[in-house]
Amino acid sequence: MNGLDKIIAQILDDAKQESLAIREKAAGEAETTLAAAGEKVKKLEEEQAKSAAQREKSYEERLRSSAALKKRQAILAAKQAIIEEMLAAAHKELLAKPDEAYFAWMEKTAQEKGGSLVLKKEPREIDGGFVLVYGGVEENCSAGALFASQRDELADKVHAMLFG
């Protein structure tokens, strides 16, 4: 059985050699696959980091833009409040004038425009000012009505004086 033992030993030795070769080949392939997977993971991590940085930058830009808009809105609201206060103060000052000074100012204004005023003694329920009657037409020239009708122009003038 010596010959048979030699054959078996030869087969086992060949199988061992082939097994080692297969293991080495598999280990090499596994190493190559792991290296490729590692590169893919590294590439994906880099892409994710870039994407996260871009999202962060975009978010920061939106926050800055939103903050700038809120700041502009706050400034505008403050300016509008100041303008409203100035118009209200002017309206109040006009109503606070003594009757003689108020009517003298009205007559002067009418004369500068080439007109004249005739004052009637019957009072009207208005907040200062007068009712202008010409022909059969009455026009409400109360202080409130005048300020309301000229509000935009007055606000523009106050804005130009304060912020222009």
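The values are calculated or read from the model by the stated rules, or taken from the named source; none is laboratory data. On a predicted model such as this, the values are computed, not experimentally measured, just so you know. Backbone-built Cβ (ideal geometry, glycine too); neighbour counts: all protein chains shown. With ligands, DNA and RNA removed, areas are computed over all heavy atoms of the protein, side chains included. Shrake-Rupley method; radii C 1.70, N 1.55, O 1.52, S 1.80 Å.
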Can you tell me how many residues within the stretch 133-161 are among the aliphatic types (A, V, I, L, M), within 22 Å of residue 76 (Cβ to Cβ) and open to solvent by 80 Å² or more (accessible area, probe 1.4 Å)?
1
Residues of the stretch 105-129 being over 50 Å from the mean Cα position of the chain (by Cα) and in a loop (DSSP other than H, G, I, E, B), which ones?
114, 115, 116, 117, 118, 119, 120, 121, 122, 123
Being modelled with pLDDT of 85 or more and among the acidic types (Asp, Glu) is the filter; apply it to the stretch 78-111 and report the residue that is nearest to residue 152 (Cα to Cα).
84
From the option list 14, 5, single residue qualifying as exposed (fewer than 10 other Cβ atoms within 10 Å of the Cβ) and either in a helix (DSSP H, G or I) or touching a Phe, Trp or Tyr at 6+ places or on another chain (Cβ under 9 Å) (or both) is 5
Can you find a residue that is surrounded by 13 or more Cβ atoms within 10 Å (Cβ to Cβ), free of Cβ contacts under 8 Å to residues at least 40 places away in the same chain and part of a helix (DSSP H, G or I) anywhere in the stretch 90-104?
yes
